[in-house]
Amino acid sequence: MVRSSCRYRAKTRGEDEQSLRDRIKELAHRHKRFGCPRITALLNREGLKANKKRVHRIWKGEGLQVKRKRRGPSGEVVNKAEYMNHVWSYDFVEDRTESGSKIRFLNIVDEFTRECLGIEAGKSMGAKEVIECLEWLFLTRGAPEHIRSDNGPEFVARAVREWLKKENCKTLYIEPGSPWENPYIESFNGKFRDECLNMELFRNVPEAQDIADAWREEYNEYRPHSSLGNLTPKEFAEILSADTAPPSASPNLQKVEEKNNPLIPSGT
């Protein structure tokens, strides 16, 4: 064989453009509710040279715009989380099976790391089930200093309040009719409904639990967050766990951004 026939042929600009275009469409198809900034972050995490303007041009040309949801009122968060396990928040989200039976999902997040600590599915969930979920998380992760919620009957139940008091966890109840006072769990619930519940059909609770668990794993380990320097919640939590600084000292996100991602879109 003639050696000249084996020479490496570099990709042309057109081939490189088509490869990027194909990958953008592939990611957009897989993550139907991800917008252009988050797709750009995923491309950069994969090591592709994805300039924001270039991705936006391809994104727009392919008609991949995602309809934006209207934001509700915003306000100052009381007792804003300053470190891991400082403030958790929890809330219920409801859906239905194919046959019309109601399913409830109890979602629990760490407000600082943005980790989803748990999603528990059930037909009916009261104070007993809330305590059981928290008991397991407190045992495996440690108890938070505060836990934020609305005034739903499951969260204000005497059994829950007394159990949390025994665990030295203070409750933070938002004002009735003011979901914007609990922005982290509200934002998470919106993503959970938009990216999971609205995309799936459940035959029963066990199947719903399996699908929710798979989505939670992807949310924690794959989905980049611009508010975390385009790290995933798991990556961010691992950096915090390895940090020897005092717990009240927030990690230097600027250094994290520079180390991990050259292109950091703003927002949450």
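Can you name every residue in the range 134-155 that is surrounded by 14 or more Cβ atoms within 10 Å (Cβ to Cβ) and either part of a helix (DSSP H, G or I) or not assigned by TED's automatic domain parsing to the domain that holds Phe188 (or both)?
Leu134, Leu137, Phe138, Arg141, Glu154, Phe155
Here are the criteria: (1) surrounded by fewer than 18 Cβ atoms within 10 Å (Cβ to Cβ); (2) at pLDDT below 95. Tell me which single one Arg158 does not satisfy.
Of everything listed in (1) surrounded by fewer than 18 Cβ atoms within 10 Å (Cβ to Cβ); (2) at pLDDT below 95, Arg158 misses just condition (2).
Could you pull out the residue among Ala242, Ala212 that is exposed (fewer than 12 other Cβ atoms within 10 Å of the Cβ), at pLDDT 50 or above and among the small types (Gly, Ala, Ser)?
Working: Ala212 fails: exposed (fewer than 12 other Cβ atoms within 10 Å of the Cβ).
Exactly one of Ala242, Ala212 is exposed (fewer than 12 other Cβ atoms within 10 Å of the Cβ), at pLDDT 50 or above and among the small types (Gly, Ala, Ser), namely Ala242.
Does any residue in the range 85-103 that is small (Gly, Ala, Ser) come within less than 6 Å, Cβ to Cβ, of a residue that is outside any strand (DSSP E or B) six or more places away or on a different chain, and which pairs are these?
Qualifying pairs under 6 Å: Ser89/Glu111; Ser89/Asn182; Ser89/Tyr184; Ser89/Ile185.
Restricting the range 36-50 to residues that are part of a loop (DSSP other than H, G, I, E, B) and modelled with pLDDT of 70 or more, which is nearest to Arg114 (Cα to Cα)? Even if it seems obvious, please write down each step before you answer.
Restricting attention to the range 36-50, the residues satisfying the condition of being part of a loop (DSSP other than H, G, I, E, B) are 46-50.
Subsequent filtering for residues that are modelled with pLDDT of 70 or more retains 46-48, 50.
Numbers: Glu46: 22, Gly47: 24, Leu48: 26, Ala50: 26 Å.
Among them, the one singled out is Glu46.
Return the residue satisfying two criteria in turn: it lies in the range 51-100 and is under 30 Å from Ser124 (Cβ atoms) and at pLDDT below 75, and of such residues it is surrounded by the fewest Cβ atoms within 10 Å (Cβ to Cβ). Quick ask: steps written out before the conclusion?
Residues of the range 51-100 under 30 Å from Ser124 (Cβ atoms): 69, 72, 85, 87-100.
If we keep only those that are at pLDDT below 75 as well, we get 69, 72.
Working: Lys69: 9, Gly72: 11.
Ranking the qualifying residues of the range 51-100, first place goes to Lys69.
The values are calculated or read from the model by the stated rules, or taken from the named source; none is laboratory data. This structure is a prediction, so every number in the text was calculated from the model and none was measured. Every residue, glycine as well, gets a Cβ built from its backbone with ideal geometry; the counts of neighbours run over all protein chains shown.
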